[in-house]
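The structure under discussion appears below in the form of structure tokens.
The values are calculated or read from the model by the stated rules, or taken from the named source; none is laboratory data. These numbers come from a predicted model, not from an experiment. All Cβ positions, even for glycine, are placed from backbone atoms using ideal geometry, and neighbour counts span all protein chains on display. When the accessible area is computed, the model is the full protein with side chains, heavy atoms only, and any ligands, DNA or RNA have been set aside. Shrake-Rupley method; radii C 1.70, N 1.55, O 1.52, S 1.80 Å.
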Amino acid sequence: MPSDGPDPQSLKSWQDAFQYPIPTVRRVEQELRRDIASNKERLRALVGTRYRELVGTAETIVLMNREIQEVDSTLADIGRRCNPRLIEKMHAHMNQIKDDAQDKGKKLALSTSVVQGIDSNTETERRALGAQLSLLHRCTQAIAYLLRKRGSPLLTAKLLVVSRLLHKTLSQQKTIPPFLDNLRNQLASLRRTLLKRVDKRLASAKSTVDDTIESLAAYCLATSSSSDDAIRHFHHVRLDVIGNQLELTEASGENVPSALQLYIQTLQMSKTLLSRRLSDVLNKLKTRPILADPDILSLDELSVDVLGRWVAADVKNFTPWIKLSELSKPEAEKTIKQWSRQAFDTFVKGCGHTLTDWHSFSELLALRRRTLELWLSSLGSTPTHAPLTVLEGIRSVFNERLSQILSGQAKELEQFGQGVASVITNWDTKEHVETLSLWDDELVNLDCSDGATAFKQTIADRLLGRDADVSAVLAKYVTWLAAIGKSKDYINEMKRVRWTDILEEGEEEDADMNITAILNDDDTALLKDALQQSVRESLNHLQSSFAEILKTFGSSNQHKKAAFLLKIIRLVRKDLPVDFISSDFLFSREIVPQLQQILTAQVVTLTDPLNIWPKRASPTTTILPGRSLWEGDPELPVQPSPATFKFLRRLVDTMDDYGLGFWDVSTTQVLKGGLRKELWATAATTLKALESVYNQEESTASKEAQTVENGDNGKTQQSEADVAIGAQNTDDYKLQLCFDLLYLSNALATAEPTQDSFSDAVQSLCSSLDSNPKTVKILEQRAHDYWKRTHLLFGLLAVGIEQS
């Protein structure tokens, strides 16, 4: 049997374990795994125990810190109250009171002495004066302490009333203490501070209803105002705060929801204040003398129990009287509605002022949503003059500013027009990069990384004719178009807001207000109309600015300026905001024909169509070039003359100089129309020259025949032969000219064929041919077939024409 194996703890390395049989190694492995699991559990238990101890220690430290702070605060309060001077005075006063009591017993036994009686009354008055002065001084110090520690404003107002009564009593004494005026000034300053503190509490949106009621009660005591005066003051303070908040300039715009929140809170508080809660608190103040108020008696530093018996009866028995107005429910609602209307007008006016600094459409939409959510969430619990009027007011102030922002965005298109005008104005003083070919060698070396973005952009720019001048100017239009598109998307997103989820329960059933329809449909339609109108106005203004630019072309480089402006117009037409324009709108419809005519005139000048066929003045005995290539029976031309072919090549090269993407269907058709007019004149002149030369040669031959009529018969035959050859050559020239014209008619065909002077010239020439009627049809078919075979060589001329 195998041995039990080694002790796992005695193994020094893993190689030692594999010196034993496999079953032994497996047992060692199992024992090691059990030890690992056991150690893991022990470690987990140990860590858990230590963690609990650590948490308990931390809680103990926190508790000790709290208790230390409480002890420190208590010792500080004891130290303040155990003022040695104050204790010494209290001890002296107690001894004096005891002595007075003993003296009083002795003086009663000696009542027969008049002098002693007079002295007793004087001493009593003196002590009463001292006690009231001491109480007044302590009240002043207590008021200052409460204001410094942000204590109860109502308790402060009660002490202020007591101080005022004590000051009035002391000021009526025959002998007025010298520092009474200083106490009066202190009281006046403390009163102003108290009223400011009350106003600050009333203005704070964090104040609860109880805080507000306490502050209003303090206001009534400090100013001897009625309950109606207190509520009017509360409304006045809140109205000023709403106006002041909306005068602030905050980038986040939180002052608008804060002002609305204050408006809502004030209305809700007003409903509570006018429902007897304020009256109950004020009535409670009238139930007992103010000096007997428990809050005042609880102030140990006043020592009212000691000094109170020396106070005059008017002060001791004074009970505040506050005029209360018990308003009925309709009267309370009228008061609330009156303030609501005034406050909301202030809110709308201030909101309109603060929103003028907002220029981001998306951020203003977010602010609009937060503001509306705030109002709708409290719509059912807020009494107001008219809920629908409030909603309409919030909508109108935001929609007005949103419409202004949309109008401003649309008007930014003017910068694009100004950029175009600047390029045209400075055209002659700046260098311009010529339009590069789509097949330029530089394209091979372009960076093709990152999805060949640079390569594709360069191809698109060259294909569409976006050179440096056009790209620099068009960037402004692209930016404007993107801004308009974003605004349109933001407007469409407004319809997705579920306002019914924000409304309080039961509000969505109100038949008078369809909140979703008003906020989602009406506002969306209003902003869409505003954006559409602004975009249309901007595009119309841009058209007018382009018309003015055309008038400033001047006499130099007109064709280049026209080409630049045509490229801009074409690219704008390509990316018009179709959602905001009518279906029949065509940008710059009025000036495009004029620009095309300028360009056509330049192309015609450069291609020189007047000199395609030479104005023949030489004898027609010269054989037509290419005559030997004619085919058929009778023999007819099968290809255009070299001059005609060179003319088309020259024409396409000239067109190519302006860029491949420049020649759209409209511009190409105008160019073809202009060339057809010029070619008609050239063909007519050439035909007339042919007829003139032929007639002249025939006349000369006739004269020579008469001269030699009686002469040599051989010369006569030679003259007749020359005339026949000249006639044949003239017919050949006419046939070639007819083929050239038919070929050019195919090359310069327009999308909508019309009967013009060029077509008339072709028909006139064909009809003048002294040949078989089928000849013309053969020439037409051959010219058409040859154009089909060669039209790709002149691709720019094939724009907009379907080859059949």
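Observations on the model:
- Test for Thr429: is it of a type in the set (Ser, Thr, Tyr) and at pLDDT 90 or above: no
- Flag for Leu239 being in contact (Cβ under 8 Å) with a residue 12 or more places away in the chain, open to solvent by less than 20 Å² (accessible area, probe 1.4 Å) and assigned to a helix (DSSP H, G or I): no
- A count restricted to the stretch 200-211 and to residues that are assigned to a helix (DSSP H, G or I) and open to solvent by 50 Å² or more (accessible area, probe 1.4 Å) stands at 3.
- Lone unmet requirement of (1) closer than 19 Å to Lys349 by Cα; (2) surrounded by fewer than 20 Cβ atoms within 10 Å (Cβ to Cβ) for Arg232: (1)
- Residue within the stretch 265-287 that is within 30 Å of Trp375 (Cβ to Cβ), under 58 Å from the mean Cα position of the chain (by Cα) and of a type in the set (Val, Ile, Thr) present: yes
- The set of residues in the stretch 558-589 that are closer than 26 Å to Lys528 by Cα, touching a helix residue (DSSP H, G or I) at 6+ places or on another chain (Cβ under 6 Å) and small (Gly, Ala, Ser) contains only Ser588.
- Considering residues of the stretch 761-800 that are in a loop (DSSP other than H, G, I, E, B) and open to solvent by less than 40 Å² (accessible area, probe 1.4 Å) only, the residue modelled with the lowest pLDDT: Leu769
- Restricting the stretch 297-307 to residues that are touching a residue at least 24 places away in the same chain (Cβ under 8 Å) and surrounded by fewer than 19 Cβ atoms within 10 Å (Cβ to Cβ), the residue that is farthest from Ala157 (Cα to Cα): Val306
- Criterion (surrounded by 15 or more Cβ atoms within 10 Å (Cβ to Cβ), of a type in the set (Lys, Arg), in the same structural domain as Ser258 (by the TED database) and more than 37 Å from the chain's Cα centre (by Cα)) met by exactly one of Lys323, Lys316: Lys316
- Taking (1) part of a helix (DSSP H, G or I); (2) modelled with pLDDT under 85; (3) open to solvent by 80 Å² or more (accessible area, probe 1.4 Å); (4) among the polar types (S, T, N, Q) in turn, Gln141 satisfies each apart from (2).
- Exactly one residue among Thr425, Thr384, Thr371 is under 30 Å from Ile515 (Cα atoms), polar (S, T, N, Q) and over 27 Å from the mean Cα position of the chain (by Cα), and that residue is Thr384.
- A count restricted to the stretch 145-194 and to residues that are surrounded by fewer than 18 Cβ atoms within 10 Å (Cβ to Cβ) and hydrophobic (A, V, I, L, M, F, W, C) stands at 5.
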